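Input: a single structure, listed below in structure tokens.
Just so it is clear, none of the values below were taken in a lab; they were calculated from the coordinates. Predicted model, so just to flag it, every value in this text is computed and none were measured. Neighbour counts are summed over all protein chains in view; Cβ atoms, including those assigned to glycine, are modelled from backbone coordinates with ideal geometry.
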Amino acid sequence: MPISAMRTSTGGITRNLLYLGDVIDFSLHGITVHLERPDPPRLARALGLLIEEINLKQPRLCGDGRSVTYVLESRSN
């Protein structure tokens, strides 16, 4: 795949992620971000793998001890 095609593909994926619906739950013990599963299966798989990696690092907000967990929700049709 040519570099220009890779950039276009990556840019398109990134743009699609910015428009996903989400719900954020705050509790005393953590923050959970529920992301809506995108339509294209390739994008859903890529996002799932990215979420797995992010969650392994146990991210936290600066100045807040609670962990942030990302969840990719199933599509309800």
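Modelled spin labels at VAL33 and ARG60, positioned 7 Å past Cα toward Cβ, are 1.7 nm from each other. Note: relative contact order over region 29-77, using C-alpha pairs below 8 Å and six or more positions apart, is 56 percent.
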